[in-house]
Amino acid sequence: MATETYAGEMLGSRETQPRQLIVTIFGLYARAERNWLSVASVVKLMADLGVDGPAVRSSISRLKRRGLLHSERHAGAAGYSLSESTLDLLAEGDIRIFERSRSEVGDGWILVVFSIPEVERDKRHALRTTLTRLGFGTVSPGVWIAPGNLMREVRHTLERRNLVSYVDVFRGDHLAFGDLRAKVRTWWNFEELNTLYADFLVRYRPALHRVTAGKLTPCQAFTKYVPLLTEWRRLPYRDPGLPLSLLPPGWKGETAGELFDKLNRALSGPAREHATEVMHG
């Protein structure tokens, strides 16, 4: 349940919800705090983001019901820890978000073929969600494709989520026929993804000078960084990382990625300083 839910959190609505901000805060700061944050510190940090206490507690309760968080008390203080499955997903996400890779034509392709009966449609949904989150495109309803450099991640993820009995995985090259550049544009919705990248650039590029000039306080850095990361984190999961030669003209992904990297370097340290002060203040 937590696996599918967190995938939904990552790939969900473009409107940022309080629970998405909470997941970001736990992902950024709980793991360095022995996987635990007090309710009081989360409420204070969310208040800095303009979210009131009742909304925070309601969102935490929903995350707990969905299995992402577990309640724990430390030294008499109420708090929450991330579930094991969510910790695994966050570790996967760190690679996708902070260590993005781009494939080369010589990497070839991965094909996942599956046919799941209607009586197991929950598994079909879980598999489709997983493949989407891994960056797969759709060749046909039961045939999905991704760049070959993702093979290790694909195999590990399908094994960990107990989906291997439903799929066959192949690896190979595109030999013939037709223009591969035209074909990939039918397998992935690059227009939608490019629009998301363009929106990200419009939203965050104006702040670049002030942010990189170090003119923000730690609290201001925190209020910029958590929404930034929350909005950005869904994009690497939509982007298969295809070779640039196969992408459409005017592709915004590289420019958006460079902007994120600059903002991440400038904001992550001061934001953590503020969060640490709140958590231990």
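The values are calculated or read from the model by the stated rules, or taken from the named source; none is laboratory data. Only a predicted model underlies this, so the values are computations on that prediction, with no experimental measurement involved. FYI the Cβ positions are ideal-geometry reconstructions off the backbone, even for glycines, and counts take in every protein chain you see. Accessible surface areas use protein heavy atoms only, side chains included; no ligands, DNA or RNA. Shrake-Rupley method; radii C 1.70, N 1.55, O 1.52, S 1.80 Å.
Against the condition touching a helix residue (DSSP H, G or I) at 6+ places or on another chain (Cβ under 7 Å) and closer than 26 Å to residue 233 by Cα, how does residue 116 come out, does it pass? For residue 116, the condition - touching a helix residue (DSSP H, G or I) at 6+ places or on another chain (Cβ under 7 Å) and closer than 26 Å to residue 233 by Cα - is not met.
Residues in region 123-163 that are of a type in the set (A, V, I, L, M, F, W, C), touching a helix residue (DSSP H, G or I) at 6+ places or on another chain (Cβ under 7 Å), open to solvent by 10 Å² or more (accessible area, probe 1.4 Å) and more than 19 Å from residue 241 (Cβ to Cβ): 126 alone. Annotation: residue 266 fulfils all but one of (1) free of Cβ contacts under 8 Å to residues at least 40 places away in the same chain; (2) crowded, with 20+ Cβ neighbours inside 10 Å; the unmet one is (1). Considered as a group, the residues in region 198-238 that are hydroxyl-bearing (Ser, Thr, Tyr) and within 23 Å of residue 27 (Cα to Cα) include one that is most open to solvent (accessible area, probe 1.4 Å), and that residue is 217.
Looking at residue 99, is it of a type outside the set (Phe, Trp, Tyr) and surrounded by fewer than 16 Cβ atoms within 10 Å (Cβ to Cβ)? For residue 99, the condition - of a type outside the set (Phe, Trp, Tyr) and surrounded by fewer than 16 Cβ atoms within 10 Å (Cβ to Cβ) - is met. Pairs meeting the criteria (first residue in region 160-179 and farther than 14 Å from residue 129 by Cα, second residue open to solvent by 80 Å² or more (accessible area, probe 1.4 Å), beta carbons under 8 Å, at least 6 apart or on different chains) are 169/155. For region 71-87, check the following and say yes or no: at least one residue is in a helix (DSSP H, G or I), among the polar types (S, T, N, Q) and modelled with pLDDT of 95 or more. No, that holds for no residue. Anything in region 188-197 that is assigned to a helix (DSSP H, G or I), polar (S, T, N, Q) and open to solvent by 50 Å² or more (accessible area, probe 1.4 Å)? List them, or say none. Once the filter is applied, which keeps residues that are assigned to a helix (DSSP H, G or I), polar (S, T, N, Q) and open to solvent by 50 Å² or more (accessible area, probe 1.4 Å), region 188-197 yields only 195. Selection of region 112-122 for residues being within 24 Å of the chain's Cα centre (by Cα) and surrounded by fewer than 17 Cβ atoms within 10 Å (Cβ to Cβ) yields only 122.
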